[in-house]
Amino acid sequence: MNQRIQSPVFWGSYSPLGTLVGAGLLVMASSRLAFAVFCAGALLWVYCLSALAFFAAKSIMPKRGKTIILLFLLGLVSSIYVLFGFLLNPLLTLSTWFFLVLIPPICIGSGIFEDLEGLELDESIPRVFLEALSLALLIIALSLIREPLGMGSLSFPGGPGGIVEFFSADNGEGFFPIRILSVSSGGLLLLGYMVALFRHYREGK
């Protein structure tokens, strides 16, 4: 049995906090809940549709240069999601496209397509979906910490401005150690604490 299939999707060695292959995406996409939800949809879209296309074309896929072909395939699927995003919510897509382009190299860097070779479609697609879902849920969980504590607001995709805010605390500048969570340095600090807790928990089991 493939080691990736045996490994727990949230706590195993191939989990997002175990490999940190998507650390940059975790920090950038989790600054606001609206960004995180939009990015979560992109992750599920790119991972699952690319895996289906990979299995459909596996018999004609050359052995040499397969990684480059997969990267172009992932980029095409990701571009289709961005195109739909521009049609449905152009302002939000303009705010998020610069980190959505990280999804194809993250998917390649995770090594998931190499590990799924030789497996059947009904074994591979659920695993691909769960790996994308675990990273998506982690981004959303980080955003639920960073946006309320760092910006005093909570947002969701939609509305004429691209983002709808459920509440917003706009009285004063706030306390700096909390406000820092809304920028990349604060996201890195929070991610570092989460990784430390994850490693401590996993090694203690």
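The values are calculated or read from the model by the stated rules, or taken from the named source; none is laboratory data. This structure is a prediction, so every number in the text was calculated from the model and none was measured. Because the Cβ atoms are built from the backbone with ideal geometry, glycine has one as well, and the counts that use them run over all protein chains shown. Each accessible area value is taken on the protein alone, full model and side chains, heavy atoms only, with ligands, DNA and RNA left out. Shrake-Rupley method; radii C 1.70, N 1.55, O 1.52, S 1.80 Å.
Annotations
- Residue within region 157-171 that is modelled with pLDDT under 80, outside any helix (DSSP H, G or I), among the acidic types (Asp, Glu) and farther than 23 Å from Gly24 by Cα present: yes
- Hey, Val46 crowded, with 23+ Cβ neighbours inside 10 Å and in contact with a Leu (Cβ under 9 Å, 6 or more places away or on another chain) or not: yes
- Identification of helices (runs of 4 or more DSSP H) wholly contained in region 38-155 with 1 or more residues that are of a type outside the set (D, E, K, R) and touching a Lys or Arg at 6+ places or on another chain (Cβ under 8 Å) yields 112-116, 121-151.
- Any chance Gly75 is closer than 18 Å to Gly22 by Cβ, open to solvent by less than 40 Å² (accessible area, probe 1.4 Å), at pLDDT below 90 and not β-branched (Val, Ile, Thr): no
- Residue that is hydrophobic (A, V, I, L, M, F, W, C) and open to solvent by 30 Å² or more (accessible area, probe 1.4 Å), where the choices are Leu144, Leu92, Leu135: Leu144
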